[in-house]
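Undergrad: Before anything else, here's the structure in question.
The values are calculated or read from the model by the stated rules, or taken from the named source; none is laboratory data. Remember, predicted model here, so these are calculated numbers, not experimental data. Please note: Cβ atoms are built from the backbone with ideal geometry, for glycine as well, and neighbour counts cover all protein chains shown. When the accessible area is computed, the model is the full protein with side chains, heavy atoms only, and any ligands, DNA or RNA have been set aside. Shrake-Rupley method; radii C 1.70, N 1.55, O 1.52, S 1.80 Å.
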Amino acid sequence: MGAARLLAKGWVLVCFFAGAHALRQALLSGGNLQIVLPQVLIAVSLFAAMGLLFVGGYGASSDGFHHHTATIKEKKLAVALPGFDDVVLFVFAALIFATQVWLAPAHLAGEFGEGLARAIAYVVPGQAVIAGRIGTCGPEEGRILASAVSWLLAMIFAASAVSRLRQAAEAIRLDRALHPHGLSLTALAATLGVVAILGIQCLFVGSVLALLPCAAFTGISGGLLIGLGPLLLGYIVYASLANLLASGSGSKE
């Protein structure tokens, strides 16, 4: 779980999530799918490529990217195998997008949506701030329920990943022993910890959400903030804890 791979995963997820929202908005505006789809794919590919080139510069210098070896039919092939948490991360992102686009707008006044939103707001102060800002800024359009579902899936992901924290730490130590990185485990854990603390203060506590303009809660920026923000925060918290545990007494760094 090197810094390069963490940055690459996050950037690719953000690009595809934003691209999906851009495609939906273009279609809702009356765009032709055959015309709009190539335009969105080109834009997403360019943004993803630029980010990966930037991250790849660090990864190439510190061996941040490497291939896992898998045995298939008694032949060793160098393939990049996604971990279980990576698969869950992308599946949950897809579920959040589906909630924002289809589920939440259809359950604006339902008991399920209202109950879930109240329950999440009781646990997550930032959810109450988002609900207040959306209520002030204009039509609700299911964004409060979408935010609640995002926080619920983020907490499920974090709890599931943390339950396997020791295994993740051992995998990180083995990875570092086989492929040394430029950034030490302690430095990476400290950096991720600072980012996690800032994210908790801004998103979970909601201290910054109240200061954002209404435009931040609508369109693509709103989809990213409300939908992907909590999930990425959960992933950063998990990654910081895993690297912190790996940098403990069992680590040679």
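Undergrad: Can Leu245 be described as surrounded by 14 or more Cβ atoms within 10 Å (Cβ to Cβ) and over 23 Å from Ala121 (Cβ atoms)? Break it down stepwise before answering.
TA: On the way: surrounded by 14 or more Cβ atoms within 10 Å (Cβ to Cβ): yes; over 23 Å from Ala121 (Cβ atoms): yes.
Judged against the criteria, Leu245 is a match.
Undergrad: Of (1) over 18 Å from Gly83 (Cα atoms); (2) part of a helix (DSSP H, G or I); (3) free of Cβ contacts under 8 Å to residues at least 60 places away in the same chain, Pro139 satisfies all except one. Which?
TA: Just one mismatch for Pro139, condition (2).
Undergrad: Right, next: Filter segment 139-169 down to the residues that are under 18 Å from Tyr122 (Cβ atoms) and open to solvent by 60 Å² or more (accessible area, probe 1.4 Å), then identify the one that is modelled with the lowest pLDDT.
TA: That would be Ala159.
Undergrad: Of all residues in segment 1-43, which are open to solvent by less than 70 Å² (accessible area, probe 1.4 Å), in contact (Cβ under 8 Å) with a residue 40 or more places away in the chain and more than 17 Å from Phe97 (Cβ to Cβ)?
TA: Met1, Gly2, Ala3, Ala4, Arg5, Leu6, Ala8
Undergrad: Checking Gly56 against (1) modelled with pLDDT of 65 or more; (2) more than 18 Å from Ala171 (Cα to Cα); (3) small (Gly, Ala, Ser): exactly one of these is not met. Which one?
TA: For Gly56, the failing item is (1).
Undergrad: Looking at Ser221, is it part of a helix (DSSP H, G or I) and small (Gly, Ala, Ser)?
TA: Taking the combined requirement at face value, the residue satisfies it.
Undergrad: Can you go through Ala158, Ala168 and tell me which one is in a helix (DSSP H, G or I), closer than 19 Å to Leu228 by Cβ and assigned by the TED database to the domain that holds Gly234?
TA: So the residue among Ala158, Ala168 that is in a helix (DSSP H, G or I), closer than 19 Å to Leu228 by Cβ and assigned by the TED database to the domain that holds Gly234 is Ala158.
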